[in-house]
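**Student:** Sharing a structure below in structure tokens format, with a few things to ask.
The values are calculated or read from the model by the stated rules, or taken from the named source; none is laboratory data. In this text, all values refer to a predicted model and were calculated from it rather than measured experimentally. Every residue, glycine as well, gets a Cβ built from its backbone with ideal geometry; the counts of neighbours run over all protein chains shown.
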């Protein structure tokens with residue numbers, strides 16, 4: 001092989017290697033950056049699910065406040081009558097309010113009146129313990145008498161999650177002393193989960209933090225998550241990705257493991273971009289390599305005297 005041919009081959013190899021390295025680096029950087037975008041996206045989806053729950057609790061607490069600051073309720077909790085219940089708490093009232101449970105408690109946490117219904121059908125259901133008798137005075141659902149705003153959050157009742165709002169019972173003008181506590185509550189059932197899915201626009205599911213046996217992915221996420229601020233990601237093949245988080249109850253302890261799942265659309269875009277970059281790198285390498293191969297060492301030789 002002549003020296004010119006060797007020089008051309010070496011130059012061609014250098015150009016090809018440089019272009020391939022640059023193309024590979026660009027593709028790797030693209031995939032890495034898109035992976036960050038994908039992880040941020042699924043984390044935001046989990047945040048939207050939490051926000052949807054927080055928004056519902058704000059609405060629930062507002063509904064409870066309309067009833068808790070009411071002269072008639074203020075009188076009823078110390079002088080309950082069947083007539084007042086029949087007139088003011090018919091079953092369709094709970095259905096219209098989208099509630100499973102309404103409870104009037106006296107100042108000692110004893111149940112003055114409680115009613116539970118199936119929110120979808122309106123059929124009566126048993127009042128779950130401890131609302132059927134008495135709440136302990138240290139229950140997070142019994143706010144201090146001066147906490148006019150009350151409290152709201154998730155509690156576990158009989159292995160089921162209950163979103164509840166509790167407000168002190170005051171006069172219509174908001175004056176006390178409080179004569180007890182009013183509780184409005186809604187179970188986290190499939191109908192409610194579907195509503196959260198629609199509101200948050202994500203594929204969303206929940207499992208109790210404790211109690212029933214958990215599916216493998218929920219169990220592993222629960223064991224890996226150290227606090228409600230942590231997020232665990234799990235790739236579900238090339239098509240979907242999931243994020244897991246914890247939802248704290250009124251007492252601050254985890255009550256639910258939350259899971260959101262989204263399609264890996266970002267990954268598909270990233271792969272397409274990476275392939276285009278690789279193709280462009282090959283094309284540039286071929287063009288420059290051909291040019292180098294043709295022109296390196298192609299200067300005319302002097303004629304010997």
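**Student:** Could you say which residue among 184, 206, 163, 244 is in the same structural domain as residue 65 (by TED's automatic domain parsing) and within 16 Å of the chain's Cα centre (by Cα)? Write out each step before concluding.
**Tutor:** Details: 184 fails: within 16 Å of the chain's Cα centre (by Cα); 206 fails: in the same structural domain as residue 65 (by TED's automatic domain parsing); 244 fails: in the same structural domain as residue 65 (by TED's automatic domain parsing).
The unique qualifying residue is 163.
**Student:** Follow-up question, since we're still on this one. Kindly indicate whether any position in region 140-148 is over 27 Å from the mean Cα position of the chain (by Cα) and not in a loop (DSSP other than H, G, I, E, B).
**Tutor:** No, that holds for no residue.
**Student:** State yes or no: is residue 48 under 30 Å from residue 232 (Cβ atoms), part of a helix (DSSP H, G or I), within 32 Å of the chain's Cα centre (by Cα) and without any contact (Cβ under 8 Å) to a residue 24 or more places away in the chain?
**Tutor:** Working: under 30 Å from residue 232 (Cβ atoms): yes; part of a helix (DSSP H, G or I): yes; within 32 Å of the chain's Cα centre (by Cα): yes; without any contact (Cβ under 8 Å) to a residue 24 or more places away in the chain: no.
Considered against the rule, which asks whether it is under 30 Å from residue 232 (Cβ atoms), part of a helix (DSSP H, G or I), within 32 Å of the chain's Cα centre (by Cα) and without any contact (Cβ under 8 Å) to a residue 24 or more places away in the chain, residue 48 comes out as no.
**Student:** Scan 199, 176 and give me the residue that is under 21 Å from the mean Cα position of the chain (by Cα), modelled with pLDDT under 90, surrounded by fewer than 20 Cβ atoms within 10 Å (Cβ to Cβ) and not in a strand (DSSP E or B). Reasoning before the result, please.
**Tutor:** Values: 176 fails: under 21 Å from the mean Cα position of the chain (by Cα).
Just one listed residue meets the conditions, 199.
**Student:** Being within 22 Å of residue 52 (Cβ to Cβ) and either surrounded by fewer than 20 Cβ atoms within 10 Å (Cβ to Cβ) or assigned by TED's automatic domain parsing to the domain that holds residue 232 (or both): is that true of residue 213 here? First the steps, then the outcome.
**Tutor:** On the way: within 22 Å of residue 52 (Cβ to Cβ): no; either surrounded by fewer than 20 Cβ atoms within 10 Å (Cβ to Cβ) or assigned by TED's automatic domain parsing to the domain that holds residue 232 (or both): yes.
No; evaluated as a whole, the condition is false for this residue.
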